[in-house]
Amino acid sequence: MLTLSEIEHLETSVPELVDKLKMHPAIRPLIKGGRAVEYSAHLVPEGGQSMVPQLCADNVLVVGDAAGLVINVGYMVRGMDLAIASGQLAAETVIEARQKGDYGAATLRAYQDKIAASFVGRDMNTYRKVPTFLEKTPRMFSAYPELVADFMTELFLIDGTPARPLRRKLMPYVKRAGYTNLARDGIGAMSAL
Amino acid sequence: MSASVEGKLGLDKFRVDEGTPHIIVLERARSEADLDKLIKGCPAGLYHRNEDGTVRFDHAGCLECGTCRVLARDTVLASWNHPAGTMGVEYRFG
């Protein structure tokens with residue numbers, strides 16, 4: 001997944017990026033011997049609750065990512081569960097509308113209420129601040145993953161040099177990421193998530 | 001293990017509406033920087049800058065993702081639509 005606003009900073013093209021990913025040492029062994037059967041592309045709306053459009057009108061219900069029902073919390077992207085649940089709620093609404101013989105907007109508005117009452121609407125609301133936080137905090141995708149990777153290397157690397165206390169091993173990396181950054185972003189993350 | 005974009009598009013099923021492009025490009029981009037974004041960003045590699053600087057787009061291999069619409073709707077495109085009903089790419093695997 002790639003944020004559209006990052007495309008201008010790419011050195012290669014998007015198709016080449018996909019190829020590079022397939023060659024990555026963590027990915028390559030997983031797909032070895034496989035055969036590509038289809039090539040597709042899709043935009044995933046990650047704007048959160050503020051991006052959710054009108055959900056119903058006469059004879060129309062909007063579900064899944066067409067309804068902006070995607071939650072990116074940085075460590076995980078949810079869309080499948082929201083799509084399935086919203087599909088189910090839409091189906092229930094349609095069944096009810098069918099029994100009434102009326103598919104007008106007023107009847108279909110029940111779908112909106114069901115969404116709001118379910119984990120779909122409630123989670124979209126819970127995480128409404130996350131898109132802005134992630135946009136303002138690019139360190140979440142660069143400096144902090146690097147920090148964790150460096151930690152892990154320090155923890156597990158045995159190279160013959162005598163071991164130092166844990167805090168001394170890790171402090172240089174924390175310093176490089178920046179105490180203020182970590183504190184501010186930690187608070188930001190806790191309040192958004 | 002890398003394959004060209006054309007090779008990848010060759011895997012897909014298309015019903016091409018010959019002669020009726022669903023995305024119309026401006027003859028010259030209003031923003032060359034935005035055209036560069038499309039040249040890099042189109043997953044099907046369909047945007048090109050001709051020798052004389054004009055914009056070229058081949059609608060036949062379009063994957064209908066909407067990337068160009070988001071990145072350069074007003075600066076490079078004259079119009080953006082999905083192909084007519086049943087035309088365009090047909091995804092068989094979701």
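Ignoring ligands and nucleic acids, what accessible area does A:Ile71 show with a 1.4 Å probe (Å², nearest 10)?
Here the accessible area works out near 10 Å².
Check each of the trypsin sites (Lys or Arg not before Pro) in segment A:27-110 and keep only those in coil by DSSP with at most 10 other C-beta atoms within 10 angstrom; list them in order.
Within segment A:27-110, the qualifying trypsin sites (Lys or Arg not before Pro) (loop, at most 10 other Cβ atoms within 10 Å) are A:Lys32, A:Arg35.
For A:Lys136, what accessible surface area do you get with a 1.4 Å probe? Give it in Å², rounded to 10.
Its heavy atoms expose roughly 150 Å² to the probe.
How would A:Tyr111, A:Tyr103, A:Tyr39 line up by accessible area, probe 1.4 Å, largest first?
A:Tyr103, A:Tyr39, A:Tyr111
What is the calculated FRET efficiency for B:Arg49 to A:Thr161, with r their C-beta to C-beta distance and R₀ = 51 Å, to the nearest 0.05?
0.40
Can you give the charge dipole size of segment A:13-146 about its Cα centre, rounded to the nearest 20 debye, using +1 on the beta carbon of Lys and Arg and -1 on the beta carbon of Asp and Glu?
I would put it at about 380 debye.
Just report the Cα centroid separation between segment A:1-44 and segment B:18-94, whole Å.
Going from one Cα centre to the other spans 20 Å.
For A:Lys129 and A:Ile27, what is the calculated FRET efficiency with R₀ set at 30 Å and r taken between the beta-carbons, to the nearest 0.05?
The formula returns an efficiency of 0.40 here.
Tell me, what is the percent relative contact order of chain B, built from C-alpha pairs under 8 Å that lie six or more residues apart?
Details: 134 pairs, mean separation 39.5, N = 94.
For chain B, the relative contact order is 42 percent.
How much of the pair distance distribution for segment A:46-98 lies past 19 Å, counting alpha-carbon pairs only, in percent?
Counting every Cα pair in segment A:46-98, those more than 19 Å apart make up 30 percent.
Give the calculated FRET efficiency between A:Thr3 and B:Asp17 to the nearest 0.05, with a Förster radius of 22 Å applied to their Cβ-Cβ distance. Could the numbers behind the result be given before it?
Working: r = 31 Å, r/R0 = 1.42.
Given R0 = 22 Å and the Cβ-Cβ separation, E is 0.10.
Under a point-charge model restricted to the Cβ atoms of Lys and Arg (+1) and Asp and Glu (-1), what is the dipole moment magnitude of the protein assembly as shown relative to its Cα centre, in debye to the nearest 20?
Dipole of the protein assembly as shown, to the nearest 20 debye: 1220 debye.
Inverting the mean 1/r over all pairs of different Cα atoms, compute the Kirkwood radius of chain A and quote it in Å.
About 20.5 Å for chain A.
Using Cα-only point scatterers and the Debye equation, what is log10 of I(q)/I(0) for chain B at each q in 0.18, 0.22 Å⁻¹, rounded to two decimals?
-0.82, -1.16
The values are calculated or read from the model by the stated rules, or taken from the named source; none is laboratory data. Values in this document were obtained by computation on a predicted structure and should not be read as measured data. With ideal geometry, Cβ positions are generated from the backbone for all residues, glycine too; neighbour counts draw on all protein chains shown. The accessibility values were calculated without ligands, DNA or RNA, using every heavy atom of the protein model including side chains. Shrake-Rupley method; radii C 1.70, N 1.55, O 1.52, S 1.80 Å.
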